[in-house]
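Working notes, structure below.
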Amino acid sequence: MHSSGFFLKDVAGFLGGYYAFMAIMNGVAALLLWRRKGQVGWALVWTVFAGIMMVLASLALSGTADLVPALPLSVRTLVNRLSGPVLYTLGTFVLLTVLFVFRRFFVKPMVAWTILNAMLLLMGLSMADENFASIVMKPDNVPIVGLVFLLAFFTWLATSQAVVNDDRIARGLPPVEKENDEKVLVWPDLVYTELICMVAVSAFLLLWAICLPAPLEEPASSVKTPNPSKAPWYFLGLQEMLVYFDPWYAGVVLPSLVIFGLMAMPYLDFNKKGNGYYSIEERKFSYLTYQFGFFLLWITLIILGTFLRGPNWNFFGPFEFWTPYKVEVLNNVDLPQMFWVNLLDQPLPKAPSGASGLVQAGYILLREAPGLLVMGAYLVLLPPLLAVTLFRGFYAKMGFIRYMIMANLMLLMLTLPLKMVLRWTLNLKYIVSIPELSLNF
Amino acid sequence: MAIGETIRNSQIWKSIFRHPMPLDRRNRIVVMLTNFFLHLHPVSIKKQGIALSFTWCMGGVTFFLFLVETVTGVLLMFYYRPTLEWAYNDILALRDVTSLGILRELHRWGAHAMVITTWLHMYRVFLTGSYKPPREFNWVVGVILLLLTLLLSFTGYLLPWDQLAIWAITVGSNMARATPFLGYEGPGQQLLTIGGIDMITDASDARFGLLGARFVGEETLNRFYVLHCIAIPLAVALLLAIHFWRVRKDGGISGPL
């Protein structure tokens, strides 16, 4: 769907204010850089950028729909065509890996500021697209946009402190937090901070409440199913997992394991270092595990489920119209089918009619033998195997029970990305499929 | 000035505040020890621990948002009736007619914000390794609080009784019918039979327990209303008390040991 003139007139006012805000933000930054830090070069760069933002603001407010700054239609079409669950997930993974590996570069204030501006500019240009705006501006989706920026900011804040501490530790110095053990009185130093914080949060919440009405749709009707039907946004990661797993696993077992795993974390992490200060080098394993789970398996999937899953839970590009008529070919195959039919070229083992329960169970076991063996090897053989190879040090320090819990939690967490990859590459539907017991995995 | 002094020297003032104004060092210490609302805090604190770039304030903001939700929620309860007949109309009236209908906006956005600040608080606690001994148990309490925060938001999502509400809860609660053994579409429920009679049906499984019915209906609205307004907030209040108390007992505010 093309962006209509009506839509652009509606969004133009918002975008005018948005670009003006960016201009002021960069103007202030330039001033501070010039007066406080004496970095004239950078100050000049951001002054020029602020000027460009002012031009964009005036274009948005010009009253002519054609002049509202937007991404060229060809670029939007290209993005739509390229994007899909595979590219989105792998792309995020690669992006986060690059950010992590080159973190010393990305935490530099001017680099981070450039990225922030790039994100905001891309967001603004995208908002001029009707399809993009209609999803992002949905009242209940606005918090997720906020979450993305907040997470980016706080990750930057934490990483820049961790990088400093890691450098200090490498030079044999204590972390910054340890350097300063001065104590202050709670009144006034903390209670005033708390008061200011409360006032700021109240003001922010009031502003949000005034600017954005809470959503209220048509009255509830149990016969009119909306398409797509979505859970509240913070559960959309779980709903996205339903693409790869049955509800019993994606909706019950995995969330329970997340809660259990989080609770178990302090008892599994035997590393005594990194207690009470920002550090990455001192606790790389726990750091990467947490970030993998939090960013890739939780936040990324929430964003995917909210912004990119449309009617019938089909994938839609960010600038694509959510048509309910989009057809996607589903030709996923179960592992028993792959093994018996495709590989051995014979029918699935099936008990003769009238056979006793035990015989039937035997045939089911035979039919599912490939999947059960794979799962058995994965969950039963892999932990001890890892204990004598990759995780040898862990096993020695953790003891049998703690190690087994850690290894199983890790392996169960990895079932999700593994199943994703298997789906994308082999069109694998279920590894084990026993409909007789409603047990599909 | 004289009036202020007269007030502060009056019997009424002195009966309420057990300490003089915290203007000098001694009274700044006394105020923390003798005031009910302040005694949650220690008298003095590591300067590093309250540095904004270190602590992010997210735990405090989460607690403040919980208070905002409680106050706006109680006020909304005076207006809103959790029945099929009135629920939607009351929310509609809050939007279109009622003065101070903005309370609903504050409550809803506050709830979203609270979910986000809870995650950010956990993120900070993880990144500073503050879940490590001696704070393991308080992290566990925090994880339960995270779960309760999500459940608070989830149960509240149904109350406006619009399309968004019932279908979000339908999608969310459909998971429960796939609970292993306890959901009527879950794996293994076929095994729970006595004399050929299924124990787990759509009128006895986990989902039925959650909804009070086979589908999201009036019983569900009542059930979620009570959970949202009474049961979960009480549990949260208790756990918050433990959470804060343990912060003090387990070595105080985060920081290197």
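Quick notes on this one:
- FRET efficiency for the A:Met137 to A:Ser58 pair, using the beta carbon distance and R₀ = 25 Å, is estimated at 0.65.
- Label-to-label distance for A:Ser222 and A:Leu358 is 4.6 nm, based on points extended 7 Å past Cα in the beta-carbon direction.
- Across B:Lys47/B:Lys132; A:Lys9/A:Lys230; A:Lys284/B:Lys132; A:Lys178/A:Lys284, pairs whose alpha-carbon gap is larger than 24 Å: A:Lys9/A:Lys230
- Inter-label distance for B:Asp198 and B:Thr70, nm, one decimal - labels placed 7 Å from Cα along Cα-to-Cβ: 4.4
- The stretch A:68-113 versus the stretch A:161-204: alpha-carbon centroid distance in Å: 32
- 5 angstrom amide H check on A:Val333, placed H, neighbours 5+ away: A:Leu428, A:Lys429
- HN-Hα J in Hz across the stretch A:406-411 - Karplus 6.51, -1.76, 1.60, θ = phi - 60°, x for Gly and Pro: 4, 5, 5, 4, 4, 5
- 5 angstrom amide H check on A:Leu439, placed H, neighbours 5+ away: A:Ile434
- Three-way shape call for the stretch A:96-155 based on the alpha-carbon gyration tensor, with the a/c threshold at 1.5: prolate
- Per-residue mean of C-beta atoms belonging to partner chains within 10 Å, peptide B:117-130: 6
- Nearby lysines by direct alpha-carbon distance to A:Lys224 (threshold 24 angstrom, same-chain neighbours under 8 apart not counted): A:Lys138, A:Lys326
- Those residues of the stretch A:86-108 whose amide nitrogen sits under 13 Å from the label point placed on A:Leu288, 7 Å along Cα→Cβ: A:97-98, A:100-102
- Centroid-to-centroid separation of the stretch A:276-311 and the stretch B:37-65 [C-alpha atoms, Å]: 26
- Selection of GluC sites (Glu not before Pro), the stretch B:50-126, meeting DSSP coil and at most 12 other Cβ within 10 Å: B:Glu85
- Dipole in debye (nearest 20) - the protein assembly as shown, about Cα centre, beta carbon charges: Lys, Arg +1; Asp, Glu -1: 2320
- Average partner coverage of B:216-222, which counts Cβ from other chains inside 10 Å: 1
- Phi angles of the stretch B:158-171 translate, via the Karplus equation with coefficients 6.51, -1.76, 1.60 and θ = phi - 60°, into HN-Hα couplings of 7, 4, x, 6, 9, 4, 3, 5, 5, 7, 5, 6, 4, 4 Hz per residue; Gly and Pro are given as x.
- Scalar couplings 3J(HN,Hα) for the stretch A:124-135, obtained by applying the Karplus form with A = 6.51, B = -1.76, C = 1.60 to θ = phi - 60°, are x, 5, 6, 4, 6, 9, 4, 5, 4, 4, 5, 7 Hz; x denotes Gly and Pro.
- Under-5 Å amide H pairs with A:Ile280, H placed in peptide plane, nonlocal only: A:Asp166
- Cα gyration tensor category, rounded, prolate or oblate, for the stretch B:58-249 with a/c compared to 1.5: oblate
- Looking at the stretch B:191-230, the trypsin sites (Lys or Arg not before Pro) that sit in a DSSP loop and have at most 16 other Cβ atoms within 10 Å of their own Cβ are B:Arg214.
- If R0 is 51 Å, the Cβ-Cβ spacing of A:Val327 and A:Ile115 corresponds to a FRET efficiency of close to 0.85.
- Label-point separation, A:Leu87 to A:Leu207 (7 Å along Cα→Cβ), nm: 3.6
- C-alpha center-to-center spacing [the stretch A:217-250, the stretch A:329-396] in angstrom: 30
- Unit charges at the beta carbon, dipole of chain A: most positive-side option, A:Pro336, A:Leu195, A:Leu15: A:Pro336
- Spin-label zone in the stretch A:209-223 - amide nitrogen under 14 Å from a point set 7 Å from the Cα of B:Asp96 along the C-beta vector: A:216-219
- Reachable lysines, given that their alpha-carbon falls under 20 Å from the alpha-carbon of A:Lys419 and they are not under 8 places away in the same chain: A:Lys429
- The protein assembly as shown shape via C-alpha gyration tensor axes, a/c threshold 1.5: rounded
Coordinate-derived values only; no laboratory data. Keep in mind the model is a prediction, meaning the values are calculated, not measured. Please note: Cβ atoms are built from the backbone with ideal geometry, for glycine as well, and neighbour counts cover all protein chains shown.
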